[in-house]
Every structure is written in structure tokens, then in C-alpha cells.
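Note sheet for the following structure.
The values are calculated or read from the model by the stated rules, or taken from the named source; none is laboratory data. Just so you know, these numbers come straight off a predicted model, no measurement behind them. Don't worry about glycine lacking a Cβ; one is built from the backbone with ideal geometry, like all the others, and counts go over all protein chains shown.
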Amino acid sequence: MNFDNDEEALEFINRLLERMHLLENEKREEWKNGKGIEIHIYKPGSQHVDHVENQYFCGEASPKPKKVSKEGDTSGNKPFVDNTPLSALFRKTQNGELRKVIESWRPYLIGDDTTVDALAMTHFEFDKDRIYSNKVYRDLCGLDALGALQVSLSQLACYLADHSNLSRSYASLYQQLKNYRSEWT
């Protein structure tokens, strides 16, 4: 529902509250049992989720796969394994951009094996005396702004907590990524 001005919105909210007050007497018993009315107000253009079936956080047990094919391949969510390359989190159509970003990090990586292809790299130990973490966050969020990221930002943060020395704290990584993502939106 769109409103041309704040007065229309306030008028609508007041009418809604009046109706709720009238219903209060009729539905008092239902409301006591936790079946009350919920109001959700969203800012225009905002994103929201009305229902979450399952929610998994980094470090928690992942859900069981939904089905397993004869070859043993699972179609459910797989946790990241130790040898999962960063490129697995990004769309193949954006491999060129991802390669440029990883190549720009290579001079700042400790123990970088230059014989390993950038898209096959699985661990990133940054020399924090020579590169700031925010450069890495900005690079990753820039790729996300291009639509290159094929997993959620929380999954990227989980991956980085396990496969880099940016931070061992998933929550810290996720917050930093969210902060730098907002620069691109």
C-alpha cells in the first residue's frame, strides 16, 4: 500500500488501531491464548521475509540432505569442506572478475603458491601488515553488487571464517560484509 504523504499513512494506522480496539472485546479469549494480531510495517522499497521455514547459522549442524541420488550426490545444503575453493561461492559467468580480485590479493598473501590457479584457491592468509581487511570486504561486496555471489552473505561470512585469517568470528565477518555491502546499494 502506497501513501502520497505521511498524513495518509497516519490516518490509515489510526483506522487500523480503532478496528483492533473494537475487535479486542470480541477476540479477548483468543488473544489471551497467543492468537493476537501482528502488525508489520515496512519502509517502501525494503525487503522482508514473512516466514522462515529453517534457519541455519555457521557452526551449527547443517540440515540433512533432502534426497540422495544413486551416485551419492546430495541435493541438500552441503557444509563447506576444507578444500572448497572461493570460486564455488560465485557464479561461473563472473569468474573473470573474481580472478582479477583474487590476483590483486596475491601479493598480500602469506605462503601463496603461484602455481595454483586463482579460482582453485581454498585458503587466504593475508599479511595484515600490508593489506587492510576492509579492502577484501570491499572487493567481495563489489562482486556481490555485480550479481556474482551465488550464496547468501552469511554463507560467505561462514566460508571466510573457516578459510581465511580475516577474522575467526563469523558474526564479525558478517557484520563487516553487511556494512560494506550497504556502500554498493
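Please go through region 71-105 and pick out each residue that is modelled with pLDDT of 70 or more and not in a helix (DSSP H, G or I). Outline the logic, then answer.
Taking region 71-105 and keeping what is modelled with pLDDT of 70 or more, we get 80-105.
F80, V81, D82, N83, T84, P85, F90, R91, listed by residue number.
If you check L119 against the conditions, is it in contact with a Ser or Thr (Cβ under 6 Å, 6 or more places away or on another chain) and free of Cβ contacts under 8 Å to residues at least 40 places away in the same chain?
Numbers: in contact with a Ser or Thr (Cβ under 6 Å, 6 or more places away or on another chain): yes; free of Cβ contacts under 8 Å to residues at least 40 places away in the same chain: yes.
Taking the combined requirement at face value, the residue satisfies it.
Is at least one residue of region 143-150 in a loop (DSSP other than H, G, I, E, B), modelled with pLDDT under 95, within 16 Å of F80 (Cα to Cα) and in contact with a Phe, Trp or Tyr (Cβ under 8 Å, 6 or more places away or on another chain)? Give the derivation first.
Looking only at region 143-150, we keep the residues that are in a loop (DSSP other than H, G, I, E, B), and these are 146-148, 150.
Narrowing further to those that are modelled with pLDDT under 95: 146-148, 150.
Still in the list and also within 16 Å of F80 (Cα to Cα): 150.
From what's left, in contact with a Phe, Trp or Tyr (Cβ under 8 Å, 6 or more places away or on another chain): 150.
Looking for residues that are in a loop (DSSP other than H, G, I, E, B), modelled with pLDDT under 95, within 16 Å of F80 (Cα to Cα) and in contact with a Phe, Trp or Tyr (Cβ under 8 Å, 6 or more places away or on another chain), one finds at least one in region 143-150, hence yes.
Going by what's in this entry, would L177 be described as touching a residue at least 24 places away in the same chain (Cβ under 8 Å), surrounded by 19 or more Cβ atoms within 10 Å (Cβ to Cβ) and outside any loop (DSSP other than H, G, I, E, B)? If you could, list the steps in order and put the result at the bottom.
Working: touching a residue at least 24 places away in the same chain (Cβ under 8 Å): yes; surrounded by 19 or more Cβ atoms within 10 Å (Cβ to Cβ): yes; outside any loop (DSSP other than H, G, I, E, B): yes.
Answer is yes for this residue.
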